[in-house]
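Here is the structure we will look at.
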Amino acid sequence: MNSYLLSDKPIIYADMNVFRYLACGDISILEPERFKWVYSHIHLDEIHRNGNRDALEGMKLLKAVEICDVLNQDFQSEGNIVIRDYIDPYSRYEQHLEAISGYEGAADHIVEHLIRSFGADNFKELSETPEQMRNEIERITRGC
């Protein structure tokens, strides 16, 4: 993978909890400006999934910027990662919500396969996934 993460500071891809704990005052970071703090759309998905927006304030306090995969015209990875310019995390989150509108939870049925691979006793839920997938494909392609 080629990465064009040029920065005059060390780059830190922080866990959601770092952003949340900072926002809530549970932790403090000495001289956070020594680092370039980054997040990804995965953070935004997690905020949407759990409904807790505290992390956005932590991102704002750290002046975190989004890191993202560069995609080609077919939405396939080109193998490059870039850091976007700063945008207020609350605004970026609203953009993200608009972008996923109508497709929230589209891959939720895949989760059952993942947690089964970690040993979950979820055979009943897992057996429902083919029907869930058919329903989701129908929903997405309706009107095409």
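Tell me which residues, restricted to the range 10-19, are open to solvent by 60 Å² or more (accessible area, probe 1.4 Å) and either of a type in the set (Ser, Thr, Tyr) or touching a helix residue (DSSP H, G or I) at 6+ places or on another chain (Cβ under 7 Å) (or both).
13
Which condition number does residue 93 fail, the rest of (1) surrounded by 12 or more Cβ atoms within 10 Å (Cβ to Cβ); (2) farther than 28 Å from residue 111 by Cβ; (3) not small (Gly, Ala, Ser) being met?
Only one criterion is unmet by residue 93, namely (2).
Among the residues of the range 20-39, what is the count of those that are open to solvent by less than 40 Å² (accessible area, probe 1.4 Å) and assigned to a loop (DSSP other than H, G, I, E, B)?
Applying the first criterion (open to solvent by less than 40 Å² (accessible area, probe 1.4 Å)) to the range 20-39 yields 22-23, 32, 37-39.
If we keep only those that are assigned to a loop (DSSP other than H, G, I, E, B) as well, we get none.
Going through the range 20-39 one residue at a time, the tally reaches 0.
Hey, does the range 54-67 have a residue that's more than 26 Å from residue 8 (Cα to Cα) and open to solvent by less than 90 Å² (accessible area, probe 1.4 Å)? Spell out the reasoning first.
Going through the range 54-67, the residues more than 26 Å from residue 8 (Cα to Cα) turn out to be 54.
Next, from what is left, pick out any that are open to solvent by less than 90 Å² (accessible area, probe 1.4 Å): 54.
So far as the range 54-67 goes, yes, one or more of its residues are more than 26 Å from residue 8 (Cα to Cα) and open to solvent by less than 90 Å² (accessible area, probe 1.4 Å).
Rundown of residues vs (1) hydrophobic (A, V, I, L, M, F, W, C); (2) open to solvent by 60 Å² or more (accessible area, probe 1.4 Å); (3) farther than 14 Å from residue 41 by Cα, yes/no style:
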{"position": "77", "(1), (2), (3)": "no, yes, yes"}
{"position": "81", "(1), (2), (3)": "yes, no, no"}
{"position": "85", "(1), (2), (3)": "no, yes, yes"}
{"position": "98", "(1), (2), (3)": "no, yes, no"}
{"position": "124", "(1), (2), (3)": "no, yes, yes"}
{"position": "132", "(1), (2), (3)": "no, yes, yes"}
{"position": "138", "(1), (2), (3)": "no, yes, yes"}
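Determine whether residue 91 is without any contact (Cβ under 8 Å) to a residue 12 or more places away in the chain, among the hydroxyl-bearing types (Ser, Thr, Tyr) and closer than 30 Å to residue 132 by Cβ.
Working: without any contact (Cβ under 8 Å) to a residue 12 or more places away in the chain: yes; among the hydroxyl-bearing types (Ser, Thr, Tyr): yes; closer than 30 Å to residue 132 by Cβ: no.
Judged against the criteria, residue 91 is not a match.
At least 2 residues that are of a type in the set (Phe, Trp, Tyr) and closer than 30 Å to residue 25 by Cβ in each: list the helices (runs of 4 or more DSSP H) lying fully within the range 43-144 that qualify. Spell out how you get there, then give the answer.
Numbers: elements: 54-61, 89-100, 108-117, 123-127, 129-141.
Per the criteria, 89-100.
Suppose we keep only residues that are open to solvent by 80 Å² or more (accessible area, probe 1.4 Å) and over 17 Å from residue 130 (Cβ atoms) within the range 100-115. Which one would you say is modelled with the lowest pLDDT?
Among residues in the range 100-115 that are open to solvent by 80 Å² or more (accessible area, probe 1.4 Å) and over 17 Å from residue 130 (Cβ atoms), the one modelled with the lowest pLDDT is 104.
Show the residue pairs meeting these rules: Cβ distance below 7 Å; 6+ apart or different chains; first residue within the range 68-85 and of a type outside the set (Ser, Thr, Tyr); second residue exposed (fewer than 10 other Cβ atoms within 10 Å of the Cβ).
Pairs found: 78/72; 79/1; 79/2; 80/2; 80/4; 82/4.
The values are calculated or read from the model by the stated rules, or taken from the named source; none is laboratory data. Values in this document were obtained by computation on a predicted structure and should not be read as measured data. No Cβ is skipped: glycine too gets one built from the backbone with ideal geometry, and neighbour counts run over all protein chains shown. Accessible surface areas use protein heavy atoms only, side chains included; no ligands, DNA or RNA. Shrake-Rupley method; radii C 1.70, N 1.55, O 1.52, S 1.80 Å.
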